């Protein structure tokens, strides 16, 4: 069984087994001289500070043993505020006393960069996000959630690589449930983190709480997409509060899915149009891989690149090709990762 | 005296001979029917009695027994009326000298003695001819469909009295002249590709779909012309051959939906509403098994508008007929097999709000909502749809080209050429189109060059395609190459085939 110090054990029990809310935990920790002392004489502190009844010492020990055995069986580990590898950056962010994790623990010590986006993210931004995430993951561990849209794009791009995914629920749960397979993949090649007991379900407030960890862990945050009101904006605001860099992808003025991003840019966020924009901020140079294009591909790519997004028929017409020939070349460009389908026979540039 | 008359009943599309035996004998006056007649056949008693009396003939006041043989086969419908009446008249010795032994009598009687048309006449005639019968008396109103049966004497009669006069030689009816089947050419209708505005991508997709016999799914916002495009499908399909027309006519005749021409000259286009039940789609009924929409669409197009709105079970029932080209429906009365080789064309919105992929309107659906909507269509069904194309709301003005819009006739020519290439290729394989290829034929006829193989592999990885999707792409590439007149599948054909599929992961 993994060894935890007495202090760590006390914190783990307090967070996962005591049934107290975070505010109450803080009250007790302040009242007691040390977490071990709190654990040993919990009933005293609990009654005098909170006026609550609590379980007897034997039951507490039993609950802790049960939890640790369960964690052992499931391959989970716990990182407490007292652990050596507890991410220091997180201290700025109303730090969770304990983080439960599954996967590659060493990623906690890596440089971390957060990529988030709202659930409704246009197809091109998803592809773009995946590309950026893939490149960023070569230098940073990409930190993100497991939500639809922008988060998932970041996950897809970074897999199989350095990826930290913070869940808004316990490690046993998966939200949204449809991403269970992705979650397993992350567990095997990256790291899953959660501050909740294993079986905890998602609650309304847990998204906000999760976002503070996302921002707190990372050196910077890139917002791929955000409407006027989006969870991704909360992450960005928190990042600013903690003194981290905020990047945003620029959108057309009238696109609702990007209104939040443009708002961030107005407030002074860094513009991000390629992964190098992020690396520049941290003095990193990563060699660009160049994709070789055939002359006809080059021609179509230029036409599309000039407008950003175009209908297949319009591209064909401008290139002076029959639509079905253009379709073949566009498919080839798509396979090379230069462009993507945007729905309704429209294509948009990714690079 | 005992009289025997031959009539036919239908089991599915096959006519089965039924002997109507009538014994008119001394005894207490009675009028009985035996030999598993159903309600409609039993009621013919009263129709026949009235018809005989109202035709000025004598209804015998003796003991009458009518037997339908074989006795174990259920007899249905009103098509026996004429046979019963004639056998009664023969049995009561009112048709002296008339030879009725090798004539098949078909028709329903009205109370005044007029003959009414029956459903399913053509399949009966064809089967009867197969059984060696060549003389028929049929209702005059059925004459249009009977015209196409060559090598038989067919007498169309207006009434029972006319039949009697014909039989005793008082006033003979002239036999029908055999009509020659000629494709009338499509009647000028509103469905023609020249009226379809814009939609260059979808136009190309339906051309490929028809050329290779591929099933087609059109995805697009409401009001972008999906239905219009679907209606154009029959206009670019190859003309019907006589055999095909006859087979389709048989089914339509059984269903009683044959038009005035008496033969189907245009490929059917069936659009069952999404509230359709599985039985109405596949065929069924209590004892008589009626052909369902998929059989009525045989040789033509089955168009399912708003695919996700159909009941899941109804859609799943389409899978087997799509594979086999026929459907066997089992009921208490027996098992019936109807042909159902149709082209499936379906349409759906891209997402619940319908605006996904629109240039001007913003889609408000979350990815989960879109996935849930698309998941209403099962993978196995989608696997049988080779081509998936987006129909967009690009306004025609966005294209400045003055290039004229092609008419259906021009597209049809190219389709015919591609079909001919396929016929030659599959001459020994009992296949007609590329869509019907299995793994074995794909290996034999769709050899990919190294470069094409490479493209497929990268498409596989990048788009996370399933193994079935790979076969679909190869088959569609084959058709595109055929349209192009190429012996080998080239990279550009594979690329184009790759472009006709929807994003599987949103």
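Across the stretch A:305-317, the number of residues qualifying as free of Cβ contacts under 8 Å to residues at least 40 places away in the same chain, touching a strand residue (DSSP E or B) at 6+ places or on another chain (Cβ under 8 Å) and facing chain B (nearest Cβ under 10 Å) comes to 3.
So how many residues does the stretch B:399-412 have that are closer than 12 Å to residue B:199 by Cβ and either facing chain A (nearest Cβ under 8 Å) or at pLDDT 85 or above (or both)?
1
Filter the stretch B:456-488 down to residues that are away from chain A (no Cβ under 12 Å) and not in a helix (DSSP H, G or I) and give me whichever is farthest from residue A:328 (Cα to Cα). By that ranking, first place goes to B:466. If you go through the stretch B:435-455 and keep only what is within 37 Å of the chain's Cα centre (by Cα) and either surrounded by fewer than 17 Cβ atoms within 10 Å (Cβ to Cβ) or at the interface with chain A (Cβ under 10 Å from one of its Cβ atoms) (or both), you end up with B:438, B:439, B:440, B:443, B:444, B:447.
Among residues that are at pLDDT 90 or above, facing chain B (nearest Cβ under 10 Å) and within 13 Å of the chain's Cα centre (by Cα), residue A:118 is included. Test residue A:325 against the criterion of being surrounded by fewer than 23 Cβ atoms within 10 Å (Cβ to Cβ), within 12 Å of chain B (Cβ to nearest Cβ), under 21 Å from residue B:476 (Cβ atoms) and touching a strand residue (DSSP E or B) at 6+ places or on another chain (Cβ under 7 Å), and give yes or no. So residue A:325 does not fit the description; no.
Per-residue answers, yes or no, for (1) touching a residue at least 40 places away in the same chain (Cβ under 8 Å); (2) outside any strand (DSSP E or B); (3) surrounded by 22 or more Cβ atoms within 10 Å (Cβ to Cβ):
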{"site": "A:63", "(1), (2), (3)": "yes, yes, no"}
{"site": "A:129", "(1), (2), (3)": "yes, yes, yes"}
{"site": "A:151", "(1), (2), (3)": "no, yes, yes"}
{"site": "A:156", "(1), (2), (3)": "no, yes, no"}
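Inspection of the stretch B:316-331 identifies no residue that is more than 30 Å from residue B:11 (Cβ to Cβ), at pLDDT 90 or above and outside the structural domain of residue B:123 (by TED's automatic domain parsing). Scanning the stretch B:263-280 for residues that are touching a strand residue (DSSP E or B) at 6+ places or on another chain (Cβ under 9 Å) and crowded, with 23+ Cβ neighbours inside 10 Å yields a single hit, B:267.
Scan the stretch B:349-383 for residues that are within 8 Å of chain A (Cβ to nearest Cβ) and in a loop (DSSP other than H, G, I, E, B) and report the count. Final tally of qualifying residues: 10. Checked against (1) farther than 30 Å from residue B:393 by Cβ; (2) within 14 Å of chain B (Cβ to nearest Cβ), residue A:337 passes all but a single condition, namely (1).
Counting just the residues of the stretch B:30-59 that are at pLDDT below 90 and in a loop (DSSP other than H, G, I, E, B), which one comes out surrounded by the most Cβ atoms within 10 Å (Cβ to Cβ)? Filtering first and then ranking leaves B:35. Scanning the stretch A:66-113 for residues that are farther than 21 Å from residue A:212 by Cβ and without any contact (Cβ under 8 Å) to a residue 40 or more places away in the chain yields A:66, A:73, A:75, A:84, A:106. Inside the stretch B:86-112, can you point out the residues that are in contact (Cβ under 8 Å) with a residue 60 or more places away in the chain and buried (at least 24 other Cβ atoms within 10 Å of the Cβ)? Listed by number, the residues that qualify are B:86, B:87, B:88, B:89, B:91, B:104, B:105, B:106, B:109.
The values are calculated or read from the model by the stated rules, or taken from the named source; none is laboratory data. Computed from a predicted model, the values in this text were never measured in an experiment. Counting neighbours? That spans all protein chains shown, and the Cβs are built from the backbone with ideal geometry, glycine included.
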